[in-house]
Amino acid sequence: MTEESFWYSHLEARASREAAIIVNAFGERGIDIGGETDRAEEDRDLHSGGIAFMYDRDHILTREQYLGGVGGMRGPQRPMDASKPRGVLDVLGDDHNRVPELEVIRVVRDVVLLCLNPRRHQHIRDYDYGDEGGGEHADVLDLLRLIDDELGEGIATPDHVLTAAQTMHPCSATEPEPPYPTAGPYPAVCRDGGARVRIFQADTGLVAGAAQTFPWLAGVYGDPDPRESNGTILPYGGHGTFVAGVLRCMAPEAQVHVANVFNIAGSARESDVAMRLMAAFGFGFEIIHITASCLTRKNIPPPALEAWLELLRPYKGVLCVAEAGNNYTRRQAWPGAFPDVLSVGALATDWRHRADFSNYGGWVDVYAPGENLINAIGSGTYTCQIPPNVGQVRTFSGLAQWSGTSFSAPIVTGLIAARMARRGESAREAAAALLAKARAQTIPGVGPVLFPCCDGDDDERHGGRCGHGCGDHGCHGGDHGRHDGGHGCGCGGHGGGHGHHGRI
């Protein structure tokens, strides 16, 4: 089958190429990823030709209580049979639906995964079926429409793909770009903050040697990033390192574990994400930072992530922070849209407007700078994959310039960690105080905003736009205090920036 015949072949060029990278990466593992084109019929501010959502073509998620499969009957029933309601298994078992066999796998709590092609997959039990393929069945979306019609919407959902991808819609591409040779981290590195605060960062892992190479990453640990090695940086390689670097600039003493959760082209299925997030409980983390998102079919909350958050709630004071996503839409992107997750959108380079790629709306809690940030990515060559720069080779010598809500979110997580250490507050208490501050400096037409800052209480006396200004004694790392027009916004008192504000 040629790439021109895939579901993404009719998307706008940039979104199509991003989808191809993700689909091909899953395909190398025998996972068939489908997707829907967003026609922007119900969301006029979303560019048509983007990706509405992606999903595993062999997976359906549901709650155990909706399984059925115990003799449920259609139509009029005798009183003794009325207690046998039909469920998802009954719908899938109907002859015309052509689901010859399936495997039921528990994901989190009462959420179960129905694998419709178990002989083609090796799930967590690592069954070995050899090369024998599973039976043919109707498309997952067709099956879900039948389940919707009989049992109601939301009873069953696809196993959506969460991704850290930056170009899911026809807007400016944001692949990493080398900064100017004299550039240092931007936002600049605070001298202290975040001591003893433990953060679990669900991302793409940590580039080998990053903690030894970049002083502000000293002490950060985690899984290796397999997409940056031997002098070659693959798409999404270094993403987890960059995010951890931004976070550590705000809270350089925080204890950060960078997990390789989004290990397939910066993406992962919802069911896998939920199961991997369970590891955070064993480490006793106070902040769970999730650096990927997804739109969903019919805007229904993804059940596996919802069930994981249900397990998190009894952990008093623990906070989950997530990016708002890069779809330029009001539509909820998950997990950020859950009411007990703090979602972060991105500000443009001028810090006065929302970045054109950022999701927005009442479900986004706060905005922070997320365009043209500079931080660690590793060293090597990167070949651009997204139009109009396809084939262009970029060489990195440690730092990169990058844009996305993935990078605005760790600014907020770092500010929370710094306040926790300074005030002795829990993550939720610190977040509540910072959100109150963000609302007090709301930008009309954007929303509540937080800016990179150091020094805690001392920053109130300096004035300025950078969250009331960063003290000239509170940060270090060069003249990346930002931004346009010399507003004295940042650390070091320079207010100059690093010179390049172009699109990437």
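Looking at the structure I just gave you, is residue 81 among the acidic types (Asp, Glu), modelled with pLDDT of 90 or more and open to solvent by less than 30 Å² (accessible area, probe 1.4 Å)?
So residue 81 does not fit the description; no.
Quick check on the range 265-280. Is at least one of its residues within 14 Å of the chain's Cα centre (by Cα) and without any contact (Cβ under 8 Å) to a residue 24 or more places away in the chain?
Within the range 265-280 (the criterion being within 14 Å of the chain's Cα centre (by Cα) and without any contact (Cβ under 8 Å) to a residue 24 or more places away in the chain), the answer is yes, since at least one residue qualifies.
Report, by residue number, each residue of the range 341-360 that is surrounded by fewer than 18 Cβ atoms within 10 Å (Cβ to Cβ) and modelled with pLDDT of 95 or more.
Once the filter is applied, which keeps residues that are surrounded by fewer than 18 Cβ atoms within 10 Å (Cβ to Cβ) and modelled with pLDDT of 95 or more, the range 341-360 yields 350, 352, 353.
In this structure, does residue 214 turn out to be open to solvent by 10 Å² or more (accessible area, probe 1.4 Å) and either closer than 22 Å to residue 451 by Cα or modelled with pLDDT of 95 or more (or both)?
So residue 214 passes the test.
Output the number of residues of the range 330-340 satisfying the condition of being under 12 Å from the mean Cα position of the chain (by Cα) and either aliphatic (A, V, I, L, M) or surrounded by fewer than 24 Cβ atoms within 10 Å (Cβ to Cβ) (or both).
So the count comes out to 2.
May I ask you to say which residue of 259, 244 is surrounded by fewer than 24 Cβ atoms within 10 Å (Cβ to Cβ), modelled with pLDDT of 95 or more and either out of contact with any Cys (no Cβ under 9 Å at 6 or more places or on another chain) or closer than 26 Å to residue 212 by Cβ (or both)? Show your work before the answer.
Details: 244 fails: surrounded by fewer than 24 Cβ atoms within 10 Å (Cβ to Cβ).
Only one candidate passes the filter, namely 259.
Return a yes/no flag: does the range 408-417 have any residue that is open to solvent by less than 10 Å² (accessible area, probe 1.4 Å) and modelled with pLDDT under 95.
If we filter the range 408-417 for residues that are open to solvent by less than 10 Å² (accessible area, probe 1.4 Å), which is where we start, we get 408-414, 416-417.
Still in the list and also modelled with pLDDT under 95: none.
Checked the range 408-417: no residue is open to solvent by less than 10 Å² (accessible area, probe 1.4 Å) and modelled with pLDDT under 95.
Quick check: is even one residue across the range 271-288 closer than 23 Å to residue 21 by Cα, assigned to a helix (DSSP H, G or I), open to solvent by less than 10 Å² (accessible area, probe 1.4 Å) and not aliphatic (A, V, I, L, M)?
Yes.
Filter the range 9-40 down to the residues that are small (Gly, Ala, Ser), open to solvent by less than 10 Å² (accessible area, probe 1.4 Å) and part of a helix (DSSP H, G or I) and list them by number.
15, 19, 20
Return the total of residues in the range 361-383 being surrounded by 16 or more Cβ atoms within 10 Å (Cβ to Cβ) and over 15 Å from residue 239 (Cα atoms).
Qualifying residue count for the region: 8.
The values are calculated or read from the model by the stated rules, or taken from the named source; none is laboratory data. Worth saying up front: this structure is predicted, and the values here are computed from it rather than measured. Cβ coordinates were reconstructed from backbone atoms using ideal geometry, including for glycine residues, and neighbour counts include every protein chain displayed. The accessibility values were calculated without ligands, DNA or RNA, using every heavy atom of the protein model including side chains. Shrake-Rupley method; radii C 1.70, N 1.55, O 1.52, S 1.80 Å.
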